[in-house]
Amino acid sequence: MYDLSDFKKGLKVLVDDQPYSVVDFQHVKPGKGNQFTRTKLKHLLNGSNLERTFKSGEKFGIPDVVFKEMNFLYKDESGFNLMDQSSYEQVSLNPDLVGDSANYLTENLPVKVVFYNDRAVGIEVPKSVNLKVTQTDPGFKGNTVNNTYKPATMETGYIVQVPLHIAEGDLLKINTTDGAYVERVNLK
């Protein structure tokens with residue numbers, strides 16, 4: 001059993017006998033009354049969102065969740081196709097189950113596929129990925145006193161705000177937790 005104090009982003013829990021993943025949470029300690037936690041949960045099977053408030057001390061069951069290391073192969077009309085490198089077993093996930101992780105999927109990227117009762121229900125990407133800039137405006141000299149950013153389109157189609165010195169063809173490290181630019185990766 002999980003306690004409310006165990007909550008962290010990505011934790012898989014049972015709420016009303018249904019499997020959910022914790023998307024966001026906030027512990028609240030009011031001046032009067034008991035502590036509580038506001039949560040945003042995502043249903044593992046159908047992808048629906050649930051916002052719920054729980055009282056301090058509530059317990060949650062642990063769903064039958066298994067993680068398998070797989071590599072992303074390609075996307076087609078059937079969805080996102082992944083393969084287990086040891087058994088060559090392939091799995092196809094629809095875009096609803098992949099969610100925002102689709103912004104970071106490049107060919108052969110190792111990911112963890114989430115299985116609930118032997119059914120693939122989602123993926124977890126690494127904490128950061130390296131993506132190539134395919135389109136961005138050229139930087140300009142001048143106002144460098146402030147941290148100035150410009151939009152850049154990555155190879156996956158994801159648009160991220162980057163510093164002015166970033167050019168097309170640069171390889172960038174992107175944080176998959178919040179989708180933010182981290183640094184430029186030097187190719188040696």
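Computed from label points 7 Å out along Cα-Cβ, the spacing between residue 28 and residue 118 is 4.3 nm. For the chain, the relative contact order comes to 14 percent (Cα pairs under 8 Å, sequence separation of at least 6).
Surface composition of segment 67-159: carbon and sulfur make up 46 percent of the accessible area, probe 1.4 Å. Applying 1/(1 + (r/R0)^6) with R0 = 22 Å to the Cβ-Cβ distance of residue 18 and residue 175 gives a FRET efficiency near 0.15. Per residue, the accessible area of the chain comes to 61 Å² when a 1.4 Å probe rolls over the protein heavy atoms.
Partner lysines whose Cα lies under 24 Å from the Cα of residue 150, excluding those fewer than 8 positions away in the same chain, are identified as 127, 132, 141, 173.
Can you give the Rg/Rh ratio of the chain, where Rg is from the C-alpha atoms and Rh is the Kirkwood radius?
1.05
The values are calculated or read from the model by the stated rules, or taken from the named source; none is laboratory data. Nothing here was measured: the structure is a model prediction, and the numbers come from that model. Neighbour counts are summed over all protein chains in view; Cβ atoms, including those assigned to glycine, are modelled from backbone coordinates with ideal geometry. Keep in mind that these areas ignore ligands, DNA and RNA; they rest on the heavy atoms of the full protein, side chains included. Shrake-Rupley method; radii C 1.70, N 1.55, O 1.52, S 1.80 Å.
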